[in-house]
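The values are calculated or read from the model by the stated rules, or taken from the named source; none is laboratory data. Just so it is clear, the structure is predicted and the values come from calculations on it, not from any experiment. Cβ placement follows ideal geometry from the backbone for every residue including glycine, while neighbour counts extend to all protein chains displayed. Side chains included, ligands, DNA and RNA excluded: accessible areas come from the protein's heavy atoms. Shrake-Rupley method; radii C 1.70, N 1.55, O 1.52, S 1.80 Å.
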Amino acid sequence: MATKKAAKKKSRRTVMYSSGGKKLYAVRDASGKFKDIQQYSRAHAMDIARGSSAEAKAAAKKAAKKVSAAKKTVARKATTAKKAVANKAVAKKATKRAGAARKAVTRAVRSVKRALKRVTG
């Protein structure tokens, strides 16, 4: 059975105020000493700019959805184009066959007329 690693405790920000009255964030290390002190306004701006992992996942999911939708559309258009080409070929063959049939009927009518002419004189 695999052993789990102990989760590292997330460093918390302590809120303080500077002598000028600006709000500060102070981050402490494991021993309790100050590791980093930032102005709240700057830290907040960086937090907003960085975004969360949930937002990144949502954006990736949305992009993947758009890509799959685009692929489906392209595939649909390709099959429609293939069908159109196939239908055009079938129509072309049908018109050729109809033309040939028309010619055959005209020839038959002509030969029947000739035969009638010979018989009736």
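At a glance:
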| read-out | value |
| --- | --- |
| Residue tally, condition among the hydrophobic types (A, V, I, L, M, F, W, C) and surrounded by 10 or more Cβ atoms within 10 Å (Cβ to Cβ), over region 47-62 | 4 |
| Filter result for SER111 (part of a helix (DSSP H, G or I), out of contact with any His (no Cβ under 9 Å at 6 or more places or on another chain), open to solvent by less than 90 Å² (accessible area, probe 1.4 Å) and in contact (Cβ under 8 Å) with a residue 12 or more places away in the chain) | no |
| Qualifying residue in region 4-15 (condition: modelled with pLDDT of 85 or more and either open to solvent by less than 80 Å² (accessible area, probe 1.4 Å) or assigned to a strand (DSSP E or B) (or both)) | yes |
| Close pairs (9 angstrom Cβ cut-off, 6 or more residues apart or separate chains): closer than 16 Å to GLY21 by Cβ in region 39-51, aliphatic (A, V, I, L, M) anywhere | GLN39/LEU24; TYR40/VAL15; TYR40/LEU24 |
